[in-house]
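> Before anything else, here's the structure in question.
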Amino acid sequence: MCDSHSPFPAPQTGEALEEGTLLSPRFDAAGLITCVAVDAASGEVLMLAHMNAQALSLTMETGEAHYFSRSRGKLWKKGESSGHTQKVREILIDCDQDAVVIKVEMGGTGAACHTGRRSCFYRTVPLGAAASAETRLGFTGDTPRFDPKAVYGKDHGH
């Protein structure tokens, strides 16, 4: 997954990394950086994904969200097959440059999740009780906006 043709410099350290102005993302051993996509207007968390150097570079260059699918082992442009695109309005990088947040405007039905929902975070984990094999999730009320099987086919996934 590592991109030997990365346009980014080697990661910096210390104050240069945390206070400097040079973009030098710290990709993990698999060549990925974590990316959180949020709604540009509301700040709602829409999805968490990963980018390799090519995906981050393409996102910066085109203003359209690109990711690296760990499950499929390949680059993908959000909305390429579904029409549920993400127009990037701002990219933020954290203090040690190993995670990014992208503020996006959703296209299509406004659904970011491959399940048809607006957000991939549509279930809640209970608080106040110990975790067990019987722990049940709750739902936020975010219902599907489209039929994933109709958009992605029988064996859909992200």
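> Out of Ser71, Ser81, Ser6, report the one residue that is touching a helix residue (DSSP H, G or I) at 6+ places or on another chain (Cβ under 6 Å), among the small types (Gly, Ala, Ser) and surrounded by fewer than 17 Cβ atoms within 10 Å (Cβ to Cβ). Explain how you work it out, then say what you get.
Numbers: Ser71 fails: touching a helix residue (DSSP H, G or I) at 6+ places or on another chain (Cβ under 6 Å); Ser81 fails: touching a helix residue (DSSP H, G or I) at 6+ places or on another chain (Cβ under 6 Å).
From the options Ser71, Ser81, Ser6, the qualifying one is Ser6.
> Does at least one position in region 31-40 carry a residue that is out of contact with any Leu (no Cβ under 7 Å at 6 or more places or on another chain) and without any contact (Cβ under 8 Å) to a residue 24 or more places away in the chain?
no
> From Thr135, Thr109, which residue is of a type outside the set (A, V, I, L, M, F, W, C) and touching a Lys or Arg at 6+ places or on another chain (Cβ under 8 Å)?
Thr109
> Residue by residue through region 104-118, note down the ones that are closer than 11 Å to Ala37 by Cβ and either free of Cβ contacts under 8 Å to residues at least 24 places away in the same chain or surrounded by fewer than 18 Cβ atoms within 10 Å (Cβ to Cβ) (or both).
Going residue by residue through region 104-118, those that are closer than 11 Å to Ala37 by Cβ are 104-106, 112-113.
If the condition is that a residue be closer than 11 Å to Ala37 by Cβ and either free of Cβ contacts under 8 Å to residues at least 24 places away in the same chain or surrounded by fewer than 18 Cβ atoms within 10 Å (Cβ to Cβ) (or both), then Glu105 is the only one that fits.
> What residue, among those in region 1-47 that are of a type in the set (Val, Ile, Thr) and farther than 29 Å from Cys120 by Cβ, is modelled with the highest pLDDT? Give the steps one after another, and end with the answer.
First pass over region 1-47, keeping only residues of a type in the set (Val, Ile, Thr): 13, 21, 33-34, 36, 38, 45.
Subsequent filtering for residues that are farther than 29 Å from Cys120 by Cβ retains 13, 21.
Working: Thr13: 84, Thr21: 92.
Checking each candidate, the answer is Thr21.
> Mind telling me which of the residues Tyr122, Tyr152 ends up being surrounded by 15 or more Cβ atoms within 10 Å (Cβ to Cβ) and farther than 16 Å from Leu46 by Cα?
Working: Tyr122 fails: farther than 16 Å from Leu46 by Cα.
Checking each option against the conditions leaves just Tyr152.
> Name the pairs: first residue in region 45-63 and touching a residue at least 60 places away in the same chain (Cβ under 8 Å), second residue among the β-branched types (Val, Ile, Thr) and crowded, with 23+ Cβ neighbours inside 10 Å, Cβ to Cβ under 8 Å, at least 6 apart or on different chains?
Qualifying pairs under 8 Å: Leu46/Val104.
> Go over the candidates Thr109, Thr85 one by one and state the one that is β-branched (Val, Ile, Thr) and under 15 Å from the mean Cα position of the chain (by Cα).
Working: Thr109 fails: under 15 Å from the mean Cα position of the chain (by Cα).
The match here is Thr85.
> Can you find a residue that is part of a helix (DSSP H, G or I), surrounded by 14 or more Cβ atoms within 10 Å (Cβ to Cβ) and in contact with a Leu (Cβ under 8 Å, 6 or more places away or on another chain) anywhere in region 44-57?
Taking every residue of region 44-57 in turn, at least one turns out to be part of a helix (DSSP H, G or I), surrounded by 14 or more Cβ atoms within 10 Å (Cβ to Cβ) and in contact with a Leu (Cβ under 8 Å, 6 or more places away or on another chain).
> When you scan region 85-103, how many residues do you find that are in contact (Cβ under 8 Å) with a residue 40 or more places away in the chain and part of a loop (DSSP other than H, G, I, E, B)? Before the answer, list the steps.
Here is the first cut: in region 85-103, the ones in contact (Cβ under 8 Å) with a residue 40 or more places away in the chain are 86, 89-90, 93, 95-103.
Next, from what is left, pick out any that are part of a loop (DSSP other than H, G, I, E, B): 95-98.
Matching residues across region 85-103 total 4.
> Looking at region 135-143, can you tell me whether even one residue there is basic (Lys, Arg) and either surrounded by 12 or more Cβ atoms within 10 Å (Cβ to Cβ) or under 29 Å from Leu17 (Cβ atoms) (or both)? Walk me through how you get there before you give the answer.
Just the residues of region 135-143 that are basic (Lys, Arg), to begin with: 136.
Within this subset, residues satisfying the condition of being either surrounded by 12 or more Cβ atoms within 10 Å (Cβ to Cβ) or under 29 Å from Leu17 (Cβ atoms) (or both) are none.
No, the conditions are met nowhere in region 135-143.
> Let me ask another. Out of the residues in region 119-145 that are part of a loop (DSSP other than H, G, I, E, B) and of a type in the set (S, T, N, Q), state the one that is farthest from Asp39 (Cα to Cα). Walk me through how you get there before you give the answer.
Start the filter on region 119-145 by keeping residues that are part of a loop (DSSP other than H, G, I, E, B), which leaves 119-122, 125-137, 140-145.
Okay, now just the ones that are also of a type in the set (S, T, N, Q), so 119, 132, 135, 140, 143.
Details: Ser119: 10, Ser132: 33, Thr135: 30, Thr140: 17, Thr143: 17 Å.
Out of the qualifying residues, it is Ser132.
The values are calculated or read from the model by the stated rules, or taken from the named source; none is laboratory data. All values reported here derive from a predicted model rather than from experimental measurement. Note that each Cβ is placed from the backbone with ideal geometry, even for glycine, and that neighbours are counted across all protein chains shown.
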